[in-house]
Amino acid sequence: MYAKKLLFEDLSSIKFKMRTTPYHFNLLSDEERLSAFFEAIKEKCNGTVYDIGSGCGILSIFASFYSDFVYAVEINPDSAKTAKYNTKLFKNISLINADAREMVFKDKADFIICEMLDTALIDEEQVPVINSILKNLKDSGEIIPKGIINGAEAVNMDSNHICYDDSFAGSNLNHEIISNFVIYNEVNFNMKIDEDVEAIIEFKISKKGIMTGIKITTLSLLTENIICGPTEMFNPPLLIPIPKINVDIRDRVKIKLSYKMGGGLDSIRTKIEGIS
Ligand SMILES: C[S@@+](CC[C@H](N)C(=O)[O-])C[C@H]1O[C@@H](n2cnc3c(N)ncnc32)[C@H](O)[C@@H]1O
């Protein structure tokens, strides 16, 4: 095991020495995301760790300071090559270019880091990948992140197609929130997960006007103590249009929302169930 002396301030020098793809460069620039993962890994990791979807290898490097051995698995050949370069001086990291769902691991993991998150886990493979590698986690083992919480709000939005909320990136606000925030779904990664989500969400309208969509916000629980996101590069809220409804203060609007986690944005369906 390496000496436990890595500080978050040391990250800047590590990051500057790393090779990245343009996508992973943006991920590395998101200090809020990175510092939250750093704290979670520092708090939790020891023993044998898998870093699934390792990208350019930054989370594997964090984990290598606190663990005996890190298996880093990355599906994309270019990213895997970059990660191999970035981790070459770390003797306790093995970089594997493979689909994590098809991996056969020699040792069971004490910790699995799996950062393939996206808003509500719809468009990335986090859930199918976790479902297939859970058998490789020791009974006492844990996953970082631990899970997510999804909430929704009624909105009056500009777009008539599904889009991410880019107001995070400093553009003009493209929607107005007109209801309370309703938590409709929680996902715990330490157990087999049903990939199909179906929820009836009841919104209490707080502003007279037009409801044209719903906004989904995902909070990621990295550990019991660390909640992260949304940030600019990490799960920006998702705006989903519905047919226009006129609403008044204190109306209650019920919407059925369904999708498949890992099934892509095309799997999203909404239905207006009623207004009272
Ligand atoms: C959101 S990026 C995160 C990268 C890195 N963990 C980080 O935090 O900077 C997710 C990574 O997972 C990889 N990935 C997606 N599906 C995968 C799979 N089935 N097996 C292995 N890697 C996968 C992608 O290629 C991408 O590099």
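The values are calculated or read from the model by the stated rules, or taken from the named source; none is laboratory data. These numbers were taken from a predicted model, which means no experiment stands behind them. Cβ sites come from the backbone with ideal geometry, for glycine too, and all protein chains shown count toward neighbours. Note: areas computed on protein heavy atoms with side chains; ligands, DNA, RNA excluded. Shrake-Rupley method; radii C 1.70, N 1.55, O 1.52, S 1.80 Å.
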*Where a ≥ b ≥ c are the square roots of the eigenvalues of the C-alpha gyration tensor, would you call segment 8-115 rounded, which needs a/c under 1.5, or, failing that, prolate if a/b is larger than b/c, or oblate?*
oblate
_Overall dimensions of the chain as given by Cα atoms, namely Rg and Dmax in Å_ = 20.1, 63
*asked:* Take Ile162 and Asn76, extend 7 Å from each Cα along the Cα→Cβ direction, and tell me the distance between the two endpoints in nm.
replied: 2.1
_For the chain, what does the helix formula give at 222 nm: sum of -39500 (n - 2.57) over DSSP H segments with n ≥ 4, over the residue count, nearest 500 deg cm²/dmol?_
-5500 deg cm²/dmol
*asked:* Please list the three semi-axes, largest first and in whole Å, of the ellipsoid equivalent to segment 147-275, using sqrt of 5 times the eigenvalues of its alpha carbon gyration tensor.
replied: 24, 17, 14
*Normalised by the residues of segment 124-276, what does the relative contact order come to in percent, with Cα pairs under 8 Å and at least six apart?*
29
*How many percent of the accessible area of segment 8-115 is carbon or sulfur, using a 1.4 Å probe?*
54
*How high is the relative contact order of segment 44-142, in percent, with contacts defined as C-alpha pairs under 8 Å that are six or more residues apart?*
30
*Taking Cα atoms, how many degrees apart are the long axis of helix 31-44 and the longest axis of the chain, rounded to 10 and kept between 0 and 90?*
60
*Listed residue pairs exceeding 18 Å between alpha carbons, taken from Lys44/Lys108; Lys192/Lys260; Lys215/Lys256; Lys207/Lys256*: Lys207/Lys256
*With a probe of 1.4 Å, find how much accessible area segment 147-275 has per residue, and write the answer as a whole number in Å².*
49
*asked:* Straight-line reach from Lys84: which lysines fall under 16 Å, measuring Cα to Cα and dropping same-chain residues less than 8 apart?
replied: Lys15, Lys17
*Rounded accessible area per residue of segment 20-122, 1.4 Å, Å²*: 39
*So between Glu202 and Arg101, what do we pick up on full extension, going 0.36 nm a residue minus the alpha carbon distance?*
32.7 nm
